[in-house]
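Notes follow the structure.
Nothing in this text is a laboratory measurement; each read-out follows from the coordinates by a stated rule. These numbers were taken from a predicted model, which means no experiment stands behind them. Counting neighbours? That spans all protein chains shown, and the Cβs are built from the backbone with ideal geometry, glycine included.
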Amino acid sequence: MAHPDLLAHRAQFEKSITRLGEGIYTAVGYAASNVHMIEGDSSITIIDTSESTKAAENILAEFQKLSDKPIARIIYTHSHRDHISGATVFAQGRDVPILAHHGFKSDLVAVSDNVPAPNMALGRRTQAQFGIGLSGDERVSLGCGPGDRPMQGLGAGFLPPTQVIEAECDIDLDGVLARLIFAPGETADHMMVWLPEQRILFPGDNWYYSFPNLYAIRGTAYRDFIAWANSLDLIAGLGAEVMAPGHTNPVFGAEQVQEVVTTTRDAIMHVVSHTAAGMNAGQSMDDIAATISLPDHLVDKPWLGEFYGKLSWSARAYAVGTLGWYDGNPTHLGCLSSRSRAEKIAALAGGIEGLWDVLKNDDDPQWKLEVCDHLIALDQPAEAQKAELLTTLSETEINATARNTYLWEAKQLLSRISEGSDT
Ligand SMILES: [Zn+2]
């Protein structure tokens, strides 16, 4: 079972090649991210390249049905791997210029191996978030793209930028005028492509049909909320008639583009104001996260559904990104180990049996998960119960990355149990 809205959201990345304007197309649903094509007088420009060589090959084959002109340049909207990993396919072995923002730097690329860093944790959590190894039914989607897509050559076709863009500028895409616009958002190195004559915008990942991923649970540094909101304002000011994002379907019509962009800006600023107000009032982070929801004028906007990003995670990320982990409650200046806390909770519950009774009698899955963690910290065999609770939560979860993580981690727990019983 899966949340019906999450199932319906898959319509946002059904496989299609959509015409945006004369000689301008976008490929949606072939990969986690979209690839765009602009046909010039005698050559093609490609914007973003998808996450795998196989997906790139499939898209290139479709684009070649539309035009047999050679690909003359590639533009990266930003450095996330799902946009840069099919470049070798589009370059076709030739020295094709690759344009990117001067700050081009992926927040996924590991730092030097000589420096201690939580790269293994990042790897594990990335697998969980994207449901790597889950079945097609389990992995409804990635929240930003189809769960079911080719994985051959994943991450294999990256080519580094050859032409770093130092300042916003107009460029000639072989007869098509384009403006490269710096617009920090999901990453600081976002460079949007604006075609003023056709009024078509390629905003990268600064907008897609979901509440924005202000914090990725795979693990990410703080994404500047205010900068992202400002970039959405900038988009609103362009007056685009077509917007073809890095994920999900293109948006047609100046009014519709304006509406989705300004409401998404409002949603980001709502997280900022709710969280800042809670912090100023001395509320706990749990209370701030547990009480956040979209205001009335945004709650019915389907493109703000929490399919990919999530309000409560964003509130936590904003607090950590601005004032850091300390929430102002001096109790939290010290800490108990998980085991020590579990021992004390068990004592309160009348012993370990009291904790097991919670799993039988309580009906709050979140509380029962916390109790499972106490039991596991006390070396009690609560892994199966935890896996069952995670699976239950996944069935009503609208967020794809949360659903994938619940199911992925449940499988890890169950395989740990079966490994244990084998030995
Ligand atoms: Zn992306």
>> Residue by residue through segment 130-138, what is 3J(HN,Hα) from phi via Karplus (6.51 cos²θ - 1.76 cosθ + 1.60, θ = phi - 60°)? Round to whole Hz and write x for glycine and proline.
In response: 8, x, 5, x, 6, 6, x, 5, 5
> How many nm is it between the label spots at T396 and H332, if each spot is 7 Å from the Cα in line with the beta carbon?
Replying inline: 2.7
> Just how large is the dipole of the chain about the Cα centre, in debye to the nearest 20, putting +1 at every Lys and Arg Cβ and -1 at every Asp and Glu Cβ?
Replying inline: 580
> Each residue of segment 69-75 in turn: what ³J(HN,Hα) in whole Hz from Karplus with 6.51, -1.76, 1.60 and θ = phi - 60°, glycine and Pro shown as x?
Replying inline: 6, x, 7, 9, 6, 10, 10
>> Using +1 at the C-beta of Lys and Arg and -1 at the C-beta of Asp and Glu, which of L414, A188, P245 has the Cα lying farthest in the positive direction of the dipole of the chain?
In response: L414
>> Quick query: amide H of I75 versus all other amide H atoms, modeled in the peptide plane; which residues come in under 5 Å with a sequence gap of 5 or more or a different chain?
In response: I46, I47, D48, L99
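When a footprinting reagent is the concern and you count Cβ atoms within 10 Å, what order do I47, I171 take, fewest first? Could you put the intermediate results ahead of the total?
Details: I47 27, I171 17.
Neighbour counts put them in this order, fewest first: I171, I47.
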> Can you list the GluC sites (Glu not before Pro) in segment 1-59 that are in a DSSP coil and have 13 or fewer other beta carbons within 10 angstrom?
Replying inline: E14, E22
> What value, in deg cm²/dmol to 500, does the helix sum -39500 (n - 2.57) over DSSP H runs of n ≥ 4 give at 222 nm once divided by the residues of the chain?
Replying inline: -12500 deg cm²/dmol
> Which of the peptides 192-205, 153-166, 257-270 is most tightly packed, and how do the rest follow, going by the mean number of other Cβ atoms within 10 Å of each residue?
Replying inline: 192-205, 257-270, 153-166
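Quick one: which of 140-149, 406-415, 62-71 comes out on top by average Cβ neighbours within 10 Å, and what's the full order, highest first? Show your work: numbers first, answer last.
Numbers: 140-149: 23.6, 406-415: 19.4, 62-71: 14.3.
Going by the mean number of other Cβ atoms within 10 Å, highest first, we get 140-149, 406-415, 62-71.
Equivalent-ellipsoid semi-axes (√(5λ), Cα gyration tensor) for the chain, whole Å, largest first? Can you show the working numbers first?
Numbers: eigenvalues 344, 115, 76 Å².
Listed largest to smallest, the semi-axes of the chain are 41, 24, 20 Å.
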> Taking θ as phi - 60°, what are the ³J(HN,Hα) couplings along segment 76-86 by the Karplus curve (6.51, -1.76, 1.60), each to the nearest whole Hz, with x for Gly and Pro?
Replying inline: 9, 6, 5, 9, 5, 4, 6, 10, 10, 9, x
> Excluding same-chain residues fewer than 8 positions from K15, which lysines have a Cα within less than 22 Å of its Cα?
Replying inline: K54, K65
>> Along the Cα→Cβ direction, 7 angstrom out, place labels at K15 and S273. What is the inter-label distance in nm?
In response: 4.5
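Less than 11 Å Cβ to Cβ from V358, Lys/Arg counted +1 and Asp/Glu -1: what total charge do the surrounding residues give? Before the final figure, lay out the partial values.
Details: positive: K360, K368; negative: E353, D357, D362, D363, D364, E370.
In short, -4.
Could you calculate the contour length gain from D174 to A117, that is, 0.36 nm times the residue separation minus the distance between their Cα atoms, to one decimal place in nm?
Values: separation 57, 0.36 × 57 = 20.52 nm, distance 4.39 nm.
Full-extension gain reported as 16.1 nm.
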